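First up is the structure itself, then whatever we jot down about it.
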Amino acid sequence: MHLLGLHNLSPVQIRQYLQHAARFVDDQGRVQTPEQDAKRLAGRWVGLLFYEPSNRTRVGFELATARLGGHTVLVEGTSSHWDRTESAVDMARNLEAMELEALVVRHSDRHVPETLVERVAIPVINAGNGSDEHPTQGLTDAFTLARHWGTDDFRGKTIAILGDVRQNRVAHSDMHAFTKLGARVIVAGPRALMPHEEDLTGAARVHTREAALAEADAIVVLRLQRDRLHAAVADLETYARHWCIDEHVLAHEMKPGAVILHPGPVMRGVEMTSRVADGPRCLQLQQVRLSLAMRQAVLTALLDPGWASAPQIPTR
Ligand code: CP
């Protein structure tokens, strides 16, 4: 079994991951590893194959594996290699030959995780493939909102995703997760950063921050990647003037009680101000905390078919 994206998971499968992750959170909301899971991956090794930089995802998988009693080995590559796909495949096959039992892969080429699945016999977890998907972040974001709202039925909720929706893999996985859980999803940002009609996956597109925020029960503020903006955004000051969430926006444009998510790292003063990012309505650190539970859930579900309490989670 693999986890390549959320586009091909059913609502039931997404809810199963959320239910699995709940096992790794205690009554006080702290991430835990139940005693019976602490050795679940004892003696087993997970390869972290990262061809793009990562802090949160990489450390999250390292810690999640360690909490389950397993070990990780990190292989960092460069995406600028002349034959990127072949290089990642070769490395993955080498790691498999060294008895690693799963691969977590991040790569700028969207085809790499799918290619690895064809070439190795161990589970592959997509940790971000170009601008396509970032499924464990999407599951984490859904889990964070499910815990905040007390339900994994998002019908009646509106979630706005702001920023570079076209190129952002978190946005794409979030759109799949949120719509499958029943939410109405709105996307907004500079026109050049909006997805094409065929990529909206059920989301509605609006053209101003005010229009997006007016109805939103939750807002996902995306990370801007300077290297991907090119001519789409005139300059960061202009972007901030139209799209930054500051205290005034929070007080006057957002619904009372609406919360903010951000996958990190935050470009403070451009995507949101420090007061908002560090304030009580921003769930960013909660997302980071819960990602540890979600990654334990994903690793356990894919690596431990003998896990008695695990329902079948077909992912591909
Ligand atoms: N959220 C996220 O993917 O962060 P990293 O790029 O640091 O892994």
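Every read-out reported here was derived from the displayed coordinates using simple, explicitly stated rules and does not represent laboratory data. Because the structure is predicted, anything quoted here is derived from the model rather than measured. Here the Cβ positions follow ideal geometry from the backbone for every residue, glycine too, while neighbour counts run over all protein chains shown.
Laid out as a table, the results:
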read-out: For the stretch 88-245, average projected area of the Cα convex hull in nm²; value: 10.5
read-out: 222 nm mean residue ellipticity, helices alone, for the chain (DSSP H n ≥ 4; -39,500 (n - 2.57); rounded to 500); value: -11500 deg cm²/dmol
read-out: Three-way shape label, the stretch 1-139, alpha-carbon gyration tensor, a/c 1.5; value: prolate
read-out: Overall form of the stretch 236-279 per C-alpha gyration tensor (a/c, 1.5; a/b vs b/c); value: oblate
read-out: Equivalent ellipsoid, the chain (semi-axes from 5 times Cα gyration tensor eigenvalues, Å); value: 32, 23, 17
read-out: Separation in nanometres of the label points that stand 7 Å from Cα toward Cβ, at Lys39 and Glu99; value: 1.8
read-out: Set of lysines near Lys157 by C-alpha distance (under 26 Å), chain-local residues within fewer than 8 positions excluded; value: Lys180, Lys255
read-out: Residue exposure sequence - Glu253, Glu197 - by fewest surrounding Cβ within 10 Å; value: Glu197, Glu253
read-out: Shape of the stretch 98-155, Cα gyration tensor, a/c cut at 1.5; value: prolate
read-out: Stretch gain in nm, segment Ser10-Glu210, where the contour uses 0.36 nm per residue and the Cα spacing is subtracted; value: 68.8 nm
read-out: Sites His252 and Leu285 - FRET efficiency at Förster radius 25 Å, r taken between beta-carbons, to 0.05; value: 0.50
